[in-house]
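This report concerns only the one structure given below.
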Amino acid sequence: MLNVPSQSFPAPRSQQRVAAGGRSKVPLKQGRSLMDWIRLTKSGKDLTGLKGRLIEVTEEELKKHNKKDDCWVCIRGFVYNVSPYMEYHPGGEDELMRAAGSDGTELFDQVHRWVNYESMLKECLVGRMAVKPTVLKDYREEEKKVLNGMLPKSQVTETLAKEGPSYPSYDWFQTDSLVTIAIYTKQKDINLDSIIVDHQDDSFRAETIIKDHLYLIHIGLSHEVQEDFSVRVIESVGKIEIVLKKKENTSWNFLGHPLENHHSLIPRKDTGLYYRKCQLISKEDVTHDTRLFCLMLPPSTHLQVPIGQHVYLRLPITGTEIVKPYTPISGSLFSEFKEPVLPNNKYIYFLIKIYPTGLFTPELDRLQIGDFVSVSSPEGNFKISAFQELEDLFLLAAGTGFTPMVKILNYALTDIPTLRKVKLMFFNKTEDDIIWRSQLEKLAFKDKRQVLNNENTWTQGGEHYTLRLDVEFVLSAPTSEWNGKQGHISPALLSEFFKRNLDKSKVLVCICGPVPFTEQGIRLLHDLNFSKNEIHSFTA
Ligand code: FAD
Ligand code: NAP
């Protein structure tokens, strides 16, 4: 549904296919790429048939426009004429027609809620629904109210999730110089990754991720505060404290005014992604076509991307906002690596391959140090609990599919006491394409664990040690000098790769790469009797 192309083709071998739940893509005709669509929207052509007029659309009217050559769709109360877009939709016309003449918000959210349809389809905007399909809360009245502590229960019930976690609450208190906002989540698995805070212009937002829900504090503060603040989590009771520094040491009579969706607990799938502008701090070549980008978060943001999750980067490209997913990594494979200059967690690192004929990456590559790019809040369904009591970890990566493995390797080798063996099989075309080859080799050589005794050990100070990490490179287009493994992911390569230490060891296999690589890998893993719970595949 309105799957504005992040990957605009299904070319065989083409790597840019975001696979969520096995969605299929259809071949697009020549001249129907995302860039072609952007060109059409800038051509001045009347794409709605209304000569620039915006109208109010009734439900009856919307229903009438349900044919391919006359297809209107409503998303979040706005109606678009998507007929001109049909041939450009990578998910195909039939997929788009599922929402013809109706409210497609839910369908859209199921597939690509992160896609910036407002920007992509702005030339197709017909107008607003006369009666909105979903009744939104009117915040105008609320904004006149002031916040002075917890809201009465009656004000919070509207968005209360029927089967979600219990409803959090919040409170605030102050000293001469500080204001502390305390969020009581009533959950014990909250940590610093669970809270995202942004203070921009007049809006103070604190998103707390509670299982599949998001609890939002959204306030226009009554007084000015300094840019930096601190966040503390008291895990044992699920309490979060955000400590703001007042600009002036005066007493505040109230905290501020509620803004949109303030104090609401919303299923994550129903919330839009929030973006903040981050500054490009450095850019470094890693291979001939892959670069390490370091972005700096604004001082008034607290955001930590959990292991295995991705964010979306957003840039205007010829006037249209384009978003693509990327997986933040740590700045190095060595856990003792420390970020320079600024305090903790202000940097986000990305390993990004530049495709000269791609839409987004050449634009990203053109950014100068000091330029800005918008970064979304994190997404993804990898759970760190998958590592609990883990003994054997297997990683299958192809090309930039290596990116989620970076934080996984860092974490696994330092924080899982039960871990006995980690094996990485890394597929690339040529030796020149291997990301961080020497770091990987050094890490494999350096990481060791103490064992009682077995054939692959060495002795040091009377103790026996063995190496924990094995790295194997497989090349699909090697030169004649390559004497390592060759080819593509296959039953033969995998059955040799998987040799469990113990028959019943607790095992996890992570796989990431081009969609067909990942899909084939999953099939082969099932053939090798790995259960669903033992496999995590990374997709958008
Ligand atoms: P695109 O415009 O998508 O084009 C990519 C390639 O396909 C180019 O070579 C282009 O010439 C070719 N192509 C385009 N159109 C056609 C066509 N019609 N027919 C044939 N070929 C065509 N990438 C990273 O580098 N690092 C990451 O950390 C990372 N994380 C990701 C996380 C997730 C969850 C997902 C789903 C993807 C991730 N990606 C990552 C991939 C990334 O999102 C982009 O897809 C990638 O950067 C390419 O974007 P682009 O717009 O530059 O290229
Ligand atoms: P690439 O260099 O084109 O390919 C890497 C290796 O995978 C090559 O050996 C290649 O072999 C092989 N390969 C490609 N298609 C295959 C297939 N159908 N079956 C088996 N092997 C195949 O890869 P890339 O350009 O870096 O692309 C990486 C991909 O990973 C992108 O699609 C990106 O979207 C995805 N990614 C996803 C996530 C995520 O979901 N979280 C994160 C990062 C990256 P050939 O020489 O034969 O092509």
request  = Could you list, in sequence order, all residues of the stretch 28-52 that are touching a residue at least 24 places away in the same chain (Cβ under 8 Å) and either more than 17 Å from Tyr88 (Cα to Cα) or among the polar types (S, T, N, Q) (or both)?
outcome  = Ser33, Thr41, Thr48, Gly49, Leu50
request  = State which residue is nearest to ligand 2 (Cβ to nearest atom) when the search covers only the stretch 294-329 and only residues that are touching a helix residue (DSSP H, G or I) at 6+ places or on another chain (Cβ under 9 Å) and polar (S, T, N, Q).
outcome  = Thr327
request  = Kindly provide the set of residues from the stretch 91-113 that are assigned to a loop (DSSP other than H, G, I, E, B), modelled with pLDDT under 85 and buried (at least 18 other Cβ atoms within 10 Å of the Cβ), ordered by number.
outcome  = Gly91
query = Of all residues in the stretch 251-301, how many are in contact with a Pro (Cβ under 8 Å, 6 or more places away or on another chain), surrounded by 18 or more Cβ atoms within 10 Å (Cβ to Cβ) and at pLDDT 95 or above?
reply = 2
task = State all residues of the stretch 357-395 that are of a type outside the set (D, E, K, R), touching a residue at least 40 places away in the same chain (Cβ under 8 Å) and within 21 Å of Asp289 (Cα to Cα); if no residue qualifies, say none.
result = Gly358, Leu359, Phe360, Leu364, Leu367, Gln368, Ile369, Val373
Count - residues of the stretch 481-527 that are among the hydrophobic types (A, V, I, L, M, F, W, C), in contact with a strand residue (DSSP E or B) (Cβ under 9 Å, 6 or more places away or on another chain) and more than 30 Å from Pro378 (Cα to Cα) = 6
ask   = Among Lys132, Lys137, which is in contact with a Gly (Cβ under 7 Å, 6 or more places away or on another chain), farther than 30 Å from Phe229 by Cα and modelled with pLDDT under 80?
value = Lys132
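Per-residue answers, yes or no, for (1) surrounded by fewer than 12 Cβ atoms within 10 Å (Cβ to Cβ); (2) part of a helix (DSSP H, G or I); (3) at pLDDT 90 or above; (4) not polar (S, T, N, Q):
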site	(1), (2), (3), (4)
Gly127	no, no, no, yes
Glu142	no, yes, no, yes
Glu158	yes, no, no, yes
Trp172	no, no, yes, yes
Lys188	yes, no, no, yes
note = The one condition Glu481 fails out of (1) free of Cβ contacts under 8 Å to residues at least 24 places away in the same chain; (2) within 16 Å of ligand 1 (Cβ to nearest atom) is (2)
query = Take the residues of the stretch 407-417 that are closer than 20 Å to Gly513 by Cα and in contact with a Ser or Thr (Cβ under 6 Å, 6 or more places away or on another chain): which is farthest from ligand 2 (Cβ to nearest atom)?
reply = Asn410
inquiry  = Could you go through the stretch 384-395 and let me know if any residue there is within 16 Å of ligand 1 (Cβ to nearest atom) and touching a strand residue (DSSP E or B) at 6+ places or on another chain (Cβ under 6 Å).
reply    = yes
inquiry  = Is it the case, given these coordinates, that Asn381 is outside any strand (DSSP E or B), within 14 Å of ligand 2 (Cβ to nearest atom) and of a type in the set (S, T, N, Q)?
reply    = yes
note = Here the residues within the stretch 342-364 that are among the β-branched types (Val, Ile, Thr), at pLDDT 95 or above and part of a loop (DSSP other than H, G, I, E, B) are Ile354
task = Determine which single condition Ser490 fails, assuming it passes every other condition in (1) within 10 Å of ligand 2 (Cβ to nearest atom); (2) in contact (Cβ under 8 Å) with a residue 60 or more places away in the chain.
result = (2)
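The values are calculated or read from the model by the stated rules, or taken from the named source; none is laboratory data. All of these numbers come straight from a predicted model, not from anything done at the bench. Reconstructed Cβ throughout: ideal geometry from the backbone, glycine too, with neighbour counts over all protein chains shown.
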